[in-house]
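Before any comments, here is the structure.
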Amino acid sequence: MTKRRHTPEQVIKKFRETEVAIAEGSTVADAARRIGVTEQTFYRWRSGYGGPMIDQVRRLKRLESENSRLKRAVVDLTLDNQILREASEGNF
């Protein structure tokens with residue numbers, strides 16, 4: 001059997017096909033054989049392409065926290081702006 005390299009797009013596509021087959025009740029060995037790779041290759045792909053990495057999850061949590069903090073700041077500044085606008089018009 002000749003070695004061939006798969007592009008990341010091909011790996012992801014084949015990995016997802018295998019996941020679907022496993023979810024339908026097929027064994028890992030059968031699903032891997034169906035896409036033309038060994039079981040070991042499937043497990044290697046799963047560790048590399050299977051889900052979000054820990055650092056990506058941490059970054060996402062940090063960005064969500066920063067986003068909520070900035071939204072609160074925008075609300076506070078908008079309220080301050082409205083108060084100042086009303087005070088400058090004399091409608092208080």
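The values are calculated or read from the model by the stated rules, or taken from the named source; none is laboratory data. No experiment lies behind these values; they were computed from the predicted model shown. For the accessible areas, the whole protein counts, side chains as well, though only heavy atoms, and no ligand, DNA or RNA atoms are used. Shrake-Rupley method; radii C 1.70, N 1.55, O 1.52, S 1.80 Å.
For the chain, the solvent-accessible area of protein heavy atoms averages 86 Å² per residue (probe radius 1.4 Å; ligands and nucleic acids excluded).
Computing the accessible area with a 1.4 Å probe over protein heavy atoms, can you report the carbon and sulfur percentage for the chain? Ligands and nucleic acids excluded, carbon and sulfur reach 55 percent. Its residues counted as N, the chain yields a C-alpha radius of gyration over 2.2 N^0.38 Å of 2.11. Rounded to the nearest Hz, the phi-derived 3J(HN,Hα) couplings of the range 13-29 under the Karplus curve 6.51 cos²θ - 1.76 cosθ + 1.60 (θ = phi - 60°) are 4, 5, 4, 5, 4, 5, 4, 5, 4, 5, 5, 7, x, 6, 7, 4, 4, where x marks glycine and proline. Given the options T38, T78, T27, state which has the largest fluctuation in a GNM of the chain using a 10 Å cut-off (strictly under) for Cα springs. Result for the chain, Cα springs under 10 Å: T78 fluctuates most.
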